[in-house]
Amino acid sequence: MLRRVVFNQKGGVGKSTITVNLAAAAAAGGKRVLVVDLDPQGNATRYLLGEGASSVEPNLAGFFDQMLNFSLYAKPMEAFVTATPFERLSVIPSHPEIAEQQGKLEARYKIYKLRESLVELEQHFDEVWIDTPPALNFFTLSALIAATGCLIPFDCDTFSRQALLGLIERVQEIRSDHNPALEVEGIVVNQFQPRANLPQRMVEELLEQGLPVLPTYLSQSVRIRESHERAMPMVYLDAKHKLATEFSSLYAHISA
C-alpha cells in the first residue's frame, strides 16, 4: 500500500488542495484511496465532506484519544474511516480538538503509532494520502514516519524557494533517523502562471539547482475556488478543465 504525505512548513502553498485532488485522481482511476487529514484546520476534510465535516464522527480526535487512554477495547483504525460521496475515496476526518492533544502525544512519544495503524488498512486500500499542518510538529513528523513518498508543494514565491532545500534536508534527516522507506518523490509547482516571468525564472532556478521538480505544473485558476466551495475535487467538478487534466497528469507521472 502506497502512503504519500504532502509536506511544507509554509502555509498557503496548496497542501490540502494537492492532497485531495491527487487522491481523487487516483480514485477516479480505479484505486481504493484513503485521505488522512492531520491538520487541525480540517481543510481536506471539508473539501471531501462539505458543510457537515465538522460534525463527522468518529474522527482523528477519537483515534488519538484512545491512543492516550489505553483500552483493551480500542477501536481498530478501520472504524475511523468515513466514506465520501466519491466512489473508492474515503477519509479519516480531522477535528480541531487534535491541536489540544498534540502535547500529550509528544510527551508519550507516539510518533510511530500512525504508521502502525495505517498498516492495519493494507487490505482495504491501495493508496493513502496524508495532509499535514503548516509546521514540523507531532502530526507532520508522524506523517513523514508513516509515509513511503513525500511531495513538496512550491507556490512560486521567493520565501518558498529559499525554504525548499531546508525542507528536503529535513525529510532526509527523518528518513535517516526514523523511516528508511521515505523518498522525496518531487516538488509540485503550484499556481503556475506560464506568461509571467517571475514563476518561470524561479522554476528554472530550481531545475538548475538539480532539485526534483515534477514535470507537470499546476495552473493558477479561479475554478479551484468553486471546487472548494462545492466540495468537489476537480476531476469530479469538471474533468475536462485544464487544472483537472494537470492533476491527472501529475498523478500518472508519480505513479508510473
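Structure above, values below:
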{"read-out": "Residue list for region 134-154, filter: more than 17 Å from Leu164 (Cβ to Cβ), surrounded by 19 or more Cβ atoms within 10 Å (Cβ to Cβ) and of a type in the set (S, T, N, Q)", "value": "Ser142"}
{"read-out": "Residue list for region 30-62, filter: hydrophobic (A, V, I, L, M, F, W, C), at pLDDT below 95 and outside any loop (DSSP other than H, G, I, E, B)", "value": "Ala53"}
{"read-out": "Residue list for region 215-235, restricted to those being touching a strand residue (DSSP E or B) at 6+ places or on another chain (Cβ under 9 Å) and either touching a residue at least 60 places away in the same chain (Cβ under 8 Å) or at positive phi (or both)", "value": "Leu218, Pro233"}
{"read-out": "The one condition in (1) among the aliphatic types (A, V, I, L, M); (2) modelled with pLDDT of 95 or more; (3) closer than 19 Å to Ala24 by Cβ; (4) touching a Pro at 6+ places or on another chain (Cβ under 6 Å) that Leu89 fails to fulfil", "value": "(4)"}
{"read-out": "Check on Ala99, aliphatic (A, V, I, L, M), over 22 Å from Leu144 (Cβ atoms) and out of contact with any Leu (no Cβ under 9 Å at 6 or more places or on another chain)", "value": "no"}
{"read-out": "Failed item in (1) surrounded by 15 or more Cβ atoms within 10 Å (Cβ to Cβ); (2) part of a loop (DSSP other than H, G, I, E, B); (3) more than 17 Å from the chain's Cα centre (by Cα); (4) of a type in the set (A, V, I, L, M, F, W, C), with Ala181 passing the rest", "value": "(1)"}
{"read-out": "Meets criteria (over 25 Å from Gly14 (Cβ atoms), surrounded by fewer than 16 Cβ atoms within 10 Å (Cβ to Cβ) and touching a residue at least 60 places away in the same chain (Cβ under 8 Å)) for Glu122", "value": "yes"}
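The values are calculated or read from the model by the stated rules, or taken from the named source; none is laboratory data. Predicted model, so just to flag it, every value in this text is computed and none were measured. A quick note on method: Cβ atoms are made from the backbone with ideal geometry, for glycine too, and the neighbour counts reach across all protein chains shown.
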